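The values are calculated or read from the model by the stated rules, or taken from the named source; none is laboratory data. These figures come from a predicted structure and were not determined experimentally. Counting neighbours? That spans all protein chains shown, and the Cβs are built from the backbone with ideal geometry, glycine included. Protein only, heavy atoms only, side chains kept; ligands, DNA and RNA dropped before computing areas. Shrake-Rupley method; radii C 1.70, N 1.55, O 1.52, S 1.80 Å.
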Amino acid sequence: MNRKQLFEQIKRKRSYLCVGLDTDIEKIPKHLLKQDDPVFEFNKQIIDATREFCVAYKPNIAFYESLGARGWESLKKTLEYIPKECFTIADAKRGDIGNTSSLYARAFFRQMNFDAITVAPYMGEDSIKPFLAFDGKWVILLAHTSNPGSADFQLLQTREGKFLYEEVIFASQLWASPDQMMYVVGATHEEKIHSIRMLAPDHFFLVPGVGAQGGDLKAVSKFGMNAQCGLLVNSSRAIIYASTKEDFAEAAGREAWKTQKDMDQYLSEYL
């Protein structure tokens, strides 16, 4: 999916919501455990309930890897079930030297046909370039993440007084255009979103941390939106675990609908 197609979907659905499919076999409603593939059945019902309110889905790969071969099968079926108009993100946070990165890229882009993958930039340009060799696919580079430990390294200052995450953003813009690269920018650092937008005015941001982690959607929208929206705001637990009972899908749909209504308002205000 290219940038124009993504923006057209945002305008059509009046939403920039990404639903995180962090599907934990130990947290899904117990009645689903009777199914042959309870993880896929959970995802299927979540997708049915939220598809009209979101523009993207983001499976966190760890939840599927942890189940071995059957987890990969659940992931494959989930990807095939996601509506074709929705953007798909492999939240894999890969990052390694060239040959290994090439194989990771082949796995997620060619074998599984994700639109995008999250990648860690610590090993530098040659660990990122192989992911950029696939036409129509996106790299989502970790920039300033929402976890408490992000300050351990991301806020270290260089001799020029810049934060390390700023150096990552500066350098990586030489590797790919805004048509192929996004940045992960945590919603819990809302005071930094405006300054990061100044560093990368044209790029999309994948913004985790809204919902269960307490990020403020209004602030993220006000400070992060650009002329093509430029935001994919992810919500995982607040939507998919809105209920742990048999009404889990209906509850997820209601939460997604509420978020979409707020996004509709912010698109009108800030775009």
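Tabulated data for the structure shown
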read-out: Carbon + sulfur, % of accessible area of segment 13-146 - ligands and nucleic acids excluded, 1.4 Å; value: 48
read-out: Simple Cβ-charge dipole of segment 1-160, Lys/Arg +1 and Asp/Glu -1, about Cα centre, in debye nearest 20; value: 500
read-out: Accessible surface, 1.4 Å probe, highest first, among residues K44, K27; value: K27, K44
read-out: Selected from I169, A249, M182, residue furthest toward positive end of dipole (segment 123-271; charges at beta carbon); value: A249
read-out: 17 Å tail of the calculated P(r), segment 134-199, as % of Cα pairs; value: 42
read-out: Counted charge near D264, where neighbours are those whose Cβ lies closer than 14 Å (Asp, Glu -1; Lys, Arg +1); value: +4
read-out: Helix 190-199 axis, angle to the chain major axis (alpha carbon atoms, nearest 10°); value: 50
read-out: Area accessible to solvent at T118, 1.4 Å probe radius, in Å²; value: 0
read-out: Listed residues M1, M181, M198 arranged by accessible area, highest first, probe 1.4 Å; value: M198, M1, M181
read-out: Computed magnitude of the charge dipole of the chain (debye, nearest 20; Cβ of K, R +1, Cβ of D, E -1); value: 360
read-out: Cα gyration tensor shape of segment 1-106, rounded if a/c is under 1.5, else prolate or oblate by comparing a/b with b/c; value: oblate
read-out: Sequence-distant lysines (8 or more away, or on other chains) whose Cα lies within less than 28 Å of K162; value: K93, K129, K192, K218, K222
read-out: The chain - mean residue ellipticity at 222 nm from DSSP helices (-39,500 (n - 2.57) per run, n ≥ 4, rounded to 500); value: -11500 deg cm²/dmol
read-out: Order of exposure, largest accessible area first, which applies to W72, W175, W257, W138 with probe 1.4 Å; value: W257, W72, W175, W138
read-out: Residue-count net charge about K245 - beta-carbon cut-off 14 Å; Lys, Arg +1, Asp, Glu -1; value: 0
read-out: Rounded tilt (10° steps) of 248-270 against the dominant C-alpha axis of the chain; value: 30
read-out: Ratio Rg/Rh [Cα only; Rh per Kirkwood] for the chain; value: 0.95
read-out: Cβ-based charge dipole, segment 85-214, positive-most Cα from H144, T100, P208; value: T100
read-out: Protein accessible area in segment 188-252, 1.4 Å probe - carbon and sulfur %; value: 50
read-out: The chain - accessible surface per residue (Å², probe 1.4 Å); value: 45
read-out: Residues L199 and K30, FRET efficiency given R0 of 45 Å [Cβ-Cβ distance, rounded to 0.05]; value: 0.45
